[in-house]
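Asker: This is the structure, below, for whatever I ask next.
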Amino acid sequence: MPYKDNEKNRAARRAYEATHKHVRVAWRDTHKKELHDWYEKNKERVKKQSHEYYLSHREETLQRTKKYHHEHKEERKKYYKENYSEIRLEVLAKIDPSMKCARCGCDETRFLDVNHIKGGGYEEHKKRGKKVTKNMILLIHTGKRGVEDLNLLCRICNALDHLERVFGKTRIRIVWDKPVTNTPVPALDQNILISRKSENS
């Protein structure tokens with residue numbers, strides 16, 4: 001019989017889940033389609049209820065989340081370390097589905113950076129303070145930061161973008177020379193060519 005006290009109910013549920021985790025996992029594995037179909041059918045209602053609960057229990061939810069993050073700091077670090085590459089690609093695709101540099105067209109995802117279109121990245125990080133991560137990928141992934149004022153630049157175009165903000169327009173042109181054959185390209189081959197326009201060009 002359920003307890004009248006919500007805290008006792010939650011404690012009893014946690015105790016049960018701790019000793020019957022394998023049962024819950026097995027049940028979910030054998031009922032994936034039913035769970036998916038139910039969620040799709042009730043998606044809007046679930047979202048509305050979740051949002052209403054958050055609004056009416058905001059402080060409690062924030063404290064609980066903060067406590068969980070503090071108590072599971074190492075597990076979270078391990079998770080993000082093991083899954084960061086996948087998370088990063090998801091965030092890049094969210095910013096720009098084509099996942100290309102907005103200036104030179106570089107589509108090598110290893111070289112891409114998140115860029116503030118109108119600048120101001122340093123000031124944004126400074127306002128957040130030391131207690132909030134400066135990693136834009138994780139901020140976007142966790143929903144704490146939007147992507148409306150961001151784009152993708154390769155690291156070289158990102159550096160050039162900063163130079164032009166500081167010194168004005170330059171005569172530097174960056175070209176992404178994508179290989180057109182299936183011949184393997186060495187890691188340090190000239191995939192990106194930086195050339196200076198002559199004053200007469």
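The values are calculated or read from the model by the stated rules, or taken from the named source; none is laboratory data. If you're wondering where the values come from, they're calculated on a predicted model, not measured in any experiment. A quick note on method: Cβ atoms are made from the backbone with ideal geometry, for glycine too, and the neighbour counts reach across all protein chains shown.
Asker: Criterion first (hydrophobic (A, V, I, L, M, F, W, C), modelled with pLDDT under 90 and within 21 Å of residue 86 (Cβ to Cβ)) does residue 138 satisfy it?
Answerer: Values: hydrophobic (A, V, I, L, M, F, W, C): yes; modelled with pLDDT under 90: yes; within 21 Å of residue 86 (Cβ to Cβ): yes.
Spelling it out, residue 138 is indeed hydrophobic (A, V, I, L, M, F, W, C), modelled with pLDDT under 90 and within 21 Å of residue 86 (Cβ to Cβ).
Asker: Pick out the one residue from 86, 60 that is out of contact with any His (no Cβ under 7 Å at 6 or more places or on another chain), exposed (fewer than 11 other Cβ atoms within 10 Å of the Cβ) and over 24 Å from residue 165 (Cα atoms). Break it down stepwise before answering.
Answerer: Details: 60 fails: exposed (fewer than 11 other Cβ atoms within 10 Å of the Cβ).
That would be 86, the only listed residue that is out of contact with any His (no Cβ under 7 Å at 6 or more places or on another chain), exposed (fewer than 11 other Cβ atoms within 10 Å of the Cβ) and over 24 Å from residue 165 (Cα atoms).
Asker: Filter region 143-161 for residues that are outside any helix (DSSP H, G or I) and either in contact with a Cys (Cβ under 8 Å, 6 or more places away or on another chain) or over 16 Å from residue 93 (Cβ atoms) (or both) and give the result. Step through it out loud before you land on a result.
Answerer: Of region 143-161, the ones outside any helix (DSSP H, G or I) are 143-154.
Scanning region 143-161 gives 144, 149, 152, 153, 154.
Asker: OK, next. Within the group 128, 145, 110, 155, which residue is basic (Lys, Arg) and either in contact with a Phe, Trp or Tyr (Cβ under 8 Å, 6 or more places away or on another chain) or more than 24 Å from residue 79 (Cβ to Cβ) (or both)? Break it down into steps so the answer makes sense when it comes.
Answerer: Numbers: 128 fails: either in contact with a Phe, Trp or Tyr (Cβ under 8 Å, 6 or more places away or on another chain) or more than 24 Å from residue 79 (Cβ to Cβ) (or both); 145 fails: either in contact with a Phe, Trp or Tyr (Cβ under 8 Å, 6 or more places away or on another chain) or more than 24 Å from residue 79 (Cβ to Cβ) (or both); 110 fails: either in contact with a Phe, Trp or Tyr (Cβ under 8 Å, 6 or more places away or on another chain) or more than 24 Å from residue 79 (Cβ to Cβ) (or both).
So the residue among 128, 145, 110, 155 that is basic (Lys, Arg) and either in contact with a Phe, Trp or Tyr (Cβ under 8 Å, 6 or more places away or on another chain) or more than 24 Å from residue 79 (Cβ to Cβ) (or both) is 155.
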